[in-house]
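The values are calculated or read from the model by the stated rules, or taken from the named source; none is laboratory data. A quick note: this is a predicted structure, and the numbers were derived from the prediction, not measured. For neighbour counting, all protein chains shown are included, and Cβ atoms are generated from backbone atoms with ideal geometry for every residue, glycine included.
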Amino acid sequence: MVHSPPGGPPAVLRAMPLLSDRAYERIRHDIITCAIAPGTEISEAQLCTQYKLGKAPVRMALNRLAHDGLVRAIPRRGYRVTPVTLKDIHDVFELRLMLEPAAARMAAGRVSAQRLKALDEVCRAGYQPGDPRSTGRFLEANKAFHVAIARATGNARLADAVERLLDEMTRLLHLGLGLRNRSQEMEHEHRALIKALTRGDGDTAERICREQIEAARNMVLSAILTSSSVMNLALGAENPR
């Protein structure tokens, strides 16, 4: 029998948020890393079986994922993982180009060089194309690197916006990095950016950041437009009907 402290909610209710958080994080991770491919139809029952979780936490997780824009409800059928479209790619990179170079300029002379170098060490370890786990570690460190720069501006709203944008970016990069290893190029870009930020050179930091984002955009677009397998994965299920 489940007991709870006097005046407190039953233990099963206290456990529910933890289970729903776990469901959300696990499903979200698999969508972001494309372990669940863009455009895939999913159902509560399927996810309950796959993740060994109950209906309530999975339903709560799906509601959060729908709010995030990562899944869409299909009446009487379940959900579909939101496909990646060429417009998505252009929109995300366009917004990155608006926010991140400006953040790099603002952060010049204010960053923790030690923190950035530690994150860059993880990025320098690289990744193996086709290995979602190593790609995931690499991209998480890369995201943390750019968020740390945005945090150094002292503008929390700007940093939060950059972090949310980079979450969207991760799925796009999983598609592109699976076909081409850019870790050495990105290592050089990070080092140059750290030097500019550390010496307080806002002009150079802004330019390098812009060049990095443009290179990433070209890589993702090239991967999607030149690979039939990724093209089908990314764009093959835009219509939910």
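The requirement of being of a type in the set (S, T, N, Q) and either more than 19 Å from residue 33 (Cα to Cα) or not in a helix (DSSP H, G or I) (or both) is fulfilled nowhere in segment 157-178; no residue meets it. Restricting 40, 49 to residues that are among the polar types (S, T, N, Q), outside the structural domain of residue 172 (by TED's automatic domain parsing) and at pLDDT below 95 narrows the list to 40. Exactly one residue out of 92, 111, 122 is touching a Ser or Thr at 6+ places or on another chain (Cβ under 9 Å) and β-branched (Val, Ile, Thr), and it is 111.
Criterion applied to 124, 59 was being basic (Lys, Arg), surrounded by 13 or more Cβ atoms within 10 Å (Cβ to Cβ) and closer than 17 Å to residue 143 by Cα, and the one residue passing it is 124. Which condition number does residue 61 fail, the rest of (1) modelled with pLDDT under 95; (2) in contact with a helix residue (DSSP H, G or I) (Cβ under 8 Å, 6 or more places away or on another chain) being met? For residue 61, the failing item is (1). Somewhere in segment 154-169, is a residue of a type in the set (Lys, Arg), at pLDDT below 80, farther than 18 Å from residue 89 by Cα and surrounded by fewer than 16 Cβ atoms within 10 Å (Cβ to Cβ)? Within segment 154-169 (the criterion being of a type in the set (Lys, Arg), at pLDDT below 80, farther than 18 Å from residue 89 by Cα and surrounded by fewer than 16 Cβ atoms within 10 Å (Cβ to Cβ)), the answer is no, since none of the residues qualifies. The set of residues from segment 127-140 being surrounded by fewer than 19 Cβ atoms within 10 Å (Cβ to Cβ), free of Cβ contacts under 8 Å to residues at least 40 places away in the same chain and either part of a helix (DSSP H, G or I) or of a type in the set (A, V, I, L, M, F, W, C) (or both) comprises 133, 134, 137, 140. Residues that are small (Gly, Ala, Ser) and closer than 17 Å to residue 103 by Cβ were ranked within segment 180-218; the one that is modelled with the lowest pLDDT is 216.
Looking at 58, 84, 122, 71, just one residue is without any contact (Cβ under 8 Å) to a residue 40 or more places away in the chain and under 27 Å from residue 223 (Cβ atoms), and that residue is 122. Among the residues making up segment 51-85, those that are more than 27 Å from residue 157 (Cβ to Cβ), of a type outside the set (S, T, N, Q) and under 17 Å from the mean Cα position of the chain (by Cα) are 81, 83.
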